[in-house]
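Single-structure report; data block below.
The values are calculated or read from the model by the stated rules, or taken from the named source; none is laboratory data. This is a predicted model, so every value here is computed, not measured. Cβ: placed from backbone, ideal geometry, glycine included. Neighbour counts: every protein chain shown. Each accessible area value is taken on the protein alone, full model and side chains, heavy atoms only, with ligands, DNA and RNA left out. Shrake-Rupley method; radii C 1.70, N 1.55, O 1.52, S 1.80 Å.
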Amino acid sequence: MQLQQLLYFVAVAETHHFTRAAERVHVAQPSLSQQIRALETELGAELFSRARGNISLTEAGETLLPLARRILADADTARHEVQELVQLRRGRVRLGATPSLCTGLLPDVLRVYHDRHPGIRLLIEEGGSHDLVRQLARGALDLALIVLPLPPGSPALTTVELLREDLVVVSSASARAPRRPVRIADLRDQPLVMFRHGYDLRELTVAACRAAGFEPGFTVEGGEMDAVLGFVRAGLGMAVVPSMVAGRAGPGLRVTPLARPGLRRTIALAHRSDVAPPRAARELQRVLLASPATG
């Protein structure tokens with residue numbers, strides 16, 4: 001049974017005439033009649049009584065008519081739903097990002113994307129790069145903003161570099177802190193507020209301190225970005241954070257650049273190499289690449 005056959009059947013049932021039905025569905029009358037006969041053969045029952053040119057439904061035809069209308073309506077609904085997805089009227093994007101990028105980069109980017117495609121639901125998953133890579137690999141995310149380089153043993157991912165961002169030192173505005181650029185070595189005797197284990201910024205900061213010949217000392221550790229900024233604002237210590245986050249951190253914090261060569265991190269947009277992202281996700285990728293923050 002084909003949708004085309006059901007369409008022809010409904011047209012004949014509603015016009016009570018094979019020629020007018022053929023004109024309605026824009027097909028030659030012999031072709032329409034042939035398809036109706038094929039449908040009757042498949043169902044094993046005549047659908048129309050053709051006595052003396054008077055076309056009327058048989059009992060089988062009466063039974064089929066509401067079902068055929070429902071099937072055709074469902075097919076139209078399916079076609080419409082798919083077209084809406086293709087045309088970005090509806091759908092979803094599952095985007096992963098580190099908490100610092102959710103705070104610094106994404107608000108403006110997502111506002112632009114939402115203005116262009118208000119029907120697309122944006123599902124944001126915060127996590128460290130290692131966690132996000134694992135979620136990409138198992139298909140739980142369409143795209144992820146991660147910190148390069150990829151961890152050893154990562155699955156096959158396609159990455160597009162978005163930006164390279166300087167890291168800065170933040171301290172409480174009420175605490176004594178140097179106003180000149182700070183060297184990593186200057187943090188040797190400073191209390192630090194440190195992110196939780198598995199957080200990219202923790203690993204980068206600790207590695208830089210060890211390269212400078214010392215182990216950093218922590219007054220508080222284990223927080224996410226908002227918690228770390230709050231602890232610093234309260235005067236519990238300094239922290240090394242992305243410049244984009246520091247610029248949005250609000251009052252109560254002093255931002256001091258790191259002396260050259262400083263610390264930088266590379267942000268990339270990643271997706272699985274073996275699966276093309278859906279259309280809505282590809283559009284978000286274009287917005288990210290065109291953003292002034294990543295240009």
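Here are some notes:
- Residue within region 236-249 that is farther than 28 Å from residue 134 by Cβ and free of Cβ contacts under 8 Å to residues at least 40 places away in the same chain present: no
- Selection from region 110-127 of residues that are surrounded by fewer than 20 Cβ atoms within 10 Å (Cβ to Cβ) and part of a strand (DSSP E or B): 121, 122, 123, 124, 125, 126
- Qualifying residue in region 80-87 (condition: closer than 30 Å to residue 267 by Cα, outside any helix (DSSP H, G or I) and open to solvent by 40 Å² or more (accessible area, probe 1.4 Å)): yes
- There is at least one residue in region 224-233 that is touching a residue at least 60 places away in the same chain (Cβ under 8 Å), more than 18 Å from residue 127 (Cβ to Cβ) and not hydrophobic (A, V, I, L, M, F, W, C).
- Screening residue 225 with (1) open to solvent by 10 Å² or more (accessible area, probe 1.4 Å); (2) modelled with pLDDT under 90 gives one miss only, at (1).
- Residue in region 59-74 that is surrounded by 13 or more Cβ atoms within 10 Å (Cβ to Cβ), outside any helix (DSSP H, G or I) and aliphatic (A, V, I, L, M) present: no
- Taken over region 7-51, the criterion of being basic (Lys, Arg) and either in a helix (DSSP H, G or I) or within 46 Å of the chain's Cα centre (by Cα) (or both) is satisfied by 20, 24, 37.
- Pairs, first closer than 14 Å to residue 280 by Cα in region 73-92, second β-branched (Val, Ile, Thr), C-beta under 9 Å, six or more apart: 88/120; 89/120; 90/120; 91/120; 92/120
- Residue within region 271-286 that is under 18 Å from residue 99 (Cβ atoms) and surrounded by 15 or more Cβ atoms within 10 Å (Cβ to Cβ) present: no
- Filter result (open to solvent by less than 40 Å² (accessible area, probe 1.4 Å) and assigned to a helix (DSSP H, G or I)) within region 88-109: 99, 100, 101, 102, 104, 106, 109
- Of all the criteria given as (1) at pLDDT 95 or above; (2) buried (at least 19 other Cβ atoms within 10 Å of the Cβ), the one not satisfied by residue 38 is (2).
- First in region 263-275 and within 16 Å of residue 134 (Cβ to Cβ), second anywhere and among the small types (Gly, Ala, Ser) and assigned to a strand (DSSP E or B), Cβ under 8 Å, 6 or more apart: 270/144; 271/144
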